[in-house]
Amino acid sequence: MSAQTDLLYSEEEEAVRAAVRDLLTDHCDAAGVITRSESDAPHDLSLWKSLTEGMGLAGLLIPEEYGGQGAGHREAAVVLEELGRAVAPVPYLTSAVVATEALLACDAADLLAELAGGRRIGVLAVGLHTAPGAGHTTATVDHGALRGELTGIADAAAADVLLVPADDGGLYAVEAGAATVTPQVSLDLTRPLATVVLDGAPARRLGDAAPAVRRALRAGAGLLVSEQLGLADWTLTETVRYLKERKQFNRPVGGFQALKHRLAHLWLEIAHLRAAARNAADALATGQDTDVAVAVAQAYAAPVAVHAAEEALQLHGGIGMTWEHPVHLYLKRAKADSIAYGTAGAHREALAALVDLQAP
């Protein structure tokens, strides 16, 4: 019988949290994120440099022999919690998790070393909406070069290297400068999407695409839950703070029983979400029941994160509807995350198959 999973945060994980939160407090304020989202450069590359070169967080999932930290998914999950709390416009999930997992599956030592040090940003050229194991668009191999159009690629505008699945079953590395990257209209302004066009782009085959893409998308889905947890936790905390200060009829709004019930219900949902997120991160780290843990967590996470953001928007009243207040960033991120790496419905279907519980 296996030992019971410990879902509590370790001292090391809490230390990582404290360091990341301090950095984000100093360099990722809400007003700055809103201003950046309106600009032509939505990614905060100076913050990314601090997270990667300064703190070494891009290499958490990369073994030490490749220049990484040799940590694990639980530590990366804590980082994503804090990034979710700040809706930080950095490509951590797409580069330090998804692209890194794909490269680990291919044993691409040189690219892993570059990503670990934060010197380069990698992006898997698969649509953000794609669930683990689902079909996706591939490029065409033409005499060693790639041709094709790939849409819905998150953070492609910030990428230095694109990892492109091709129709011959291989995963190829393409320099971002050899592709045409065109921004798409994105609901989430802090994680922009783009269309990638390859027109005879030189490419290097890294390995087989199928296992690499599946591994990468599963890790992305599993750790996205931690980002959704951080987002939901911030919206609840901020809403409680606001309702304690906002007065109506000469008493704090938070004292009204109906609002207390709504907040208590939301707190309970987020507590459950934390357990699901921690279990998914632990399963990715240990390799035990990983598919089931990820499917359970993703099936639960999206509705809770969206509900938390919607409640925050409504309970902030008129101020919540303004552009200057950051709650709209959290609602947009929550809605975009709800379809990232598969919808909740897609994960419920996957879970049913995994536990042999077929629909009538």
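Descending by average beta-carbon neighbour count within 10 Å, the peptides 30-38, 126-134, 292-300 line up as 292-300, 126-134, 30-38, the highest first. Values [x] 0.94; [y] 1.04; [z] 0.98 are given for comparison; Rg/Rh (Cα atoms, Kirkwood Rh), derived from the coordinates here, is the one labelled [z]. Its relative contact order, with pairs defined as Cα atoms under 8 Å and 6+ residues apart, puts the stretch 95-174 at 29 percent. Remark on ALA201: its backbone amide H falls under 5 Å from those of LEU146, a criterion applied only to residues 5 or more positions apart or on other chains, H modelled at 1.01 Å from N. Charges were assigned to the Cβ only: +1 to each Lys and Arg, -1 to each Asp and Glu. The resulting dipole of the chain about its Cα centre is roughly 1240 debye. Dipole check for the stretch 307-360: with +1 at the C-beta of Lys and Arg, -1 at the C-beta of Asp and Glu, and the Cα centre as origin, the magnitude is about 100 Debye. Computed over protein heavy atoms with a 1.4 Å probe, the accessible surface of the stretch 166-306 works out to 44 Å² per residue. As a fraction of the 1.4 Å probe accessible area of the stretch 202-360, surface on carbon and sulfur atoms comes out at 58 percent. In the assembled protein chains, LEU193 presents an accessible area of approximately 40 Å² (probe radius 1.4 Å). By a 1.4 Å probe calculation restricted to protein chains, MET321 has an accessible surface near 140 Å², given to the nearest 10. Counting only aspartates and glutamates at least 8 places from LYS49 when in the same chain, those with an alpha carbon closer than 18 Å to its own are ASP22, ASP26, ASP29, GLU82, GLU114, ASP155, ASP160. Charge dipole (Cα centre; +1 on Lys/Arg Cβ, -1 on Asp/Glu Cβ; no other charges) of the stretch 1-65 amounts to roughly 200 debye. The shape of the stretch 101-226 comes out rounded: with a ≥ b ≥ c from the C-alpha gyration tensor, a/c is under 1.5. Relative to the longest principal axis of the Cα atoms of the chain, helix 11-27 runs at roughly 80 degrees.
The accessible surface of the stretch 40-186, taken with every protein chain in place and a 1.4 Å probe, is 47 percent carbon and sulfur. For the chain, the residue among LEU198, VAL174, ALA277 whose Cα projects farthest onto the positive side of the dipole built from Cβ charges is ALA277.
Our note on the geometry: Cα centres of the stretch 1-54 and the stretch 194-221, 26 Å apart.
Relative to the first principal axis of the alpha-carbon coordinates of the chain, what is the inclination of helix 344-354, with its axis defined by its Cα atoms, in degrees from 0 to 90 and to the nearest 10? Compared with the principal axis, the helix lies near 60 degrees. Just how far, in whole angstrom, is the stretch 238-282 from the stretch 74-128 if you go by their alpha carbon centroids? Going from one Cα centre to the other spans 31 Å. With both residues required to sit in the chain, DSSP beta bridges show an antiparallel share near 85%.
The values are calculated or read from the model by the stated rules, or taken from the named source; none is laboratory data. On a predicted model such as this, the values are computed, not experimentally measured, just so you know. Here Cβ is always computed from backbone atoms with ideal geometry, including for glycine, and neighbour counts include all displayed protein chains. These area figures cover heavy atoms from the full protein model, side chains too; ligands, DNA and RNA do not enter into them. Shrake-Rupley method; radii C 1.70, N 1.55, O 1.52, S 1.80 Å.
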